[in-house]
């Protein structure tokens, strides 16, 4: 990886973190609010997890690119189905009794993630 690409990646990372902070500050209005720290933590965890997954599955050689393109659709379909099945019991209380609509912070945090 060349130096310019590394610098660009680092710069984009700082920009994404700044956007997460800005969204959390806009939503919570006060830095002392306990929800501010939780929103920043959730956003940062989602950002870091996405970066790690992308780094681990990105092909680097032409041979890997060919193999990856063939298997990517099957693997992604399986993982999405598995993830939705595992998350469904956890997400059900958010939608019960209009809780997501009555407390929009949950929707905002889900969008940040």
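The numbers here are math on the coordinates, done by the rules we state, and not lab data. Please read all numbers here as calculations on a predicted model, not as lab measurements. Reconstructed Cβ throughout: ideal geometry from the backbone, glycine too, with neighbour counts over all protein chains shown.
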- Item | 5, 25, 109 arranged by Cβ crowding within 10 Å, fewest neighbours leading | 5, 25, 109
- Query: For the range 49-113, what size does the Cα cloud have along each of its three principal axes, sorted from largest down, in whole Å?
  - Reply: 51, 21, 12
- Task: Tell me the label-point distance for the pair residue 53, residue 73, using the 7 Å Cα-to-Cβ offset, in nm and rounded to one decimal.
- Result: 2.0
- Give the relative contact order (percent, whole number) for the range 3-112; include only Cα pairs under 8 Å separated by 6+ residues. 26
- Task: Can you tell me the 0 to 90 degree angle between the C-alpha axis of helix 62-95 and the longest principal axis of the chain, rounded to 10?
- Result: 20
- Message: Would you work out the Kirkwood radius for the chain? I mean one over the mean of 1/r across all pairs of different Cα atoms, in Å.
- Response: 16.9
- Query: What order do you get for 40, 19 when you list them from fewest to most C-beta neighbours inside 10 Å?
  - Reply: 19, 40
- Query: By how many degrees, between 0 and 90 and to the nearest 10, does the Cα long axis of helix 34-57 differ from the longest principal axis of the chain?
  - Reply: 10
